[in-house]
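Chemist: Would you mind keeping the following structure in view while I ask a few things?
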Amino acid sequence: MRKETLFLILLGALIYLILIVYGIKQVYTAPAIPPSKEIIITKPEDKIVIAHTEIFGPLERPQVIFDHKKHVEAIKKEGKKEWETCIVCHREKKEELVRVKKEDEIVKEKKIETRDVFVFVFPKKEVKWDKEAYKKAYHDECIGCHKEKLKEGKKAGPLTCGECHVKEKEFVKIKYPFG
């Protein structure tokens, strides 16, 4: 056998061995979700998991299971119509709509209208893609609203960390019934 061929075989075997060792390390050092604690909700009933691991990375506290339906119902009890509830938490933005009237491929009229459209994201304020900014925005908007409700003498939501970041809900998975 030629030296180059032997070298390539040994190099391949070494790379293969490194990958095996790396894989074993990943399996034994990865945080495991105990199957006994994993809860799968198949009827989410407007529950939303708030974790944003794409921003926060590994979470320091358990994810939040947000009951969207409960919040909408609470806002409706305050006298808002169904379609008015969105603006309480979600932002609007201006969008230009161009209407063109043509006759025989000739533009006869061009009209630009501005309208408000909902952006169904939260937090309501635009936030830079930053861990601390997102955390502050969620806490300011959620806890701020809850404190405001208390000042008004109304029933309010959680005010402390452990009331939203519930340890027992750390491994809850929600399967949304799409399609």
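Chemist: Among the residues of segment 102-121, is there at least one that is under 30 Å from K167 (Cβ atoms) and either aliphatic (A, V, I, L, M) or over 20 Å from the mean Cα position of the chain (by Cα) (or both)?
Modeler: yes
Chemist: Please go through segment 104-155 and give me each residue that is in contact with a strand residue (DSSP E or B) (Cβ under 8 Å, 6 or more places away or on another chain) and touching a residue at least 60 places away in the same chain (Cβ under 8 Å), ordered by number.
Modeler: Listed by number, the list holds a single entry, Y138.
Okay, residues lined up against (1) in a loop (DSSP other than H, G, I, E, B); (2) not aliphatic (A, V, I, L, M):
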position: F66; (1), (2): no, yes
position: K76; (1), (2): no, yes
position: I87; (1), (2): no, no
position: E92; (1), (2): no, yes
position: L97; (1), (2): no, no
position: K102; (1), (2): no, yes
position: K110; (1), (2): no, yes
position: T114; (1), (2): no, yes
position: V121; (1), (2): yes, no
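Chemist: Conditions: (1) assigned to a helix (DSSP H, G or I); (2) surrounded by 13 or more Cβ atoms within 10 Å (Cβ to Cβ); (3) over 19 Å from the mean Cα position of the chain (by Cα). K135 meets all but one. Number of the miss?
Modeler: (3)
Chemist: So, in segment 71-95, of the ones that are modelled with pLDDT under 80 and not acidic (D, E), which residue ends up surrounded by the most Cβ atoms within 10 Å (Cβ to Cβ)?
Modeler: Selected residue: R91.
Chemist: What's the number of the only condition in (1) β-branched (V, I, T); (2) assigned by TED's automatic domain parsing to the domain that holds K167; (3) at pLDDT below 85 that I24 fails to meet?
Modeler: All conditions are met except number (2).
Chemist: Which of the residues that make up segment 146-166 are hydrophobic (A, V, I, L, M, F, W, C), in a helix (DSSP H, G or I) and surrounded by 15 or more Cβ atoms within 10 Å (Cβ to Cβ)?
Modeler: Result: C164, single match.
The values are calculated or read from the model by the stated rules, or taken from the named source; none is laboratory data. If you're wondering where the values come from, they're calculated on a predicted model, not measured in any experiment. Positions of Cβ are backbone-derived with ideal geometry, glycine not excepted, and every protein chain shown enters the neighbour counts.
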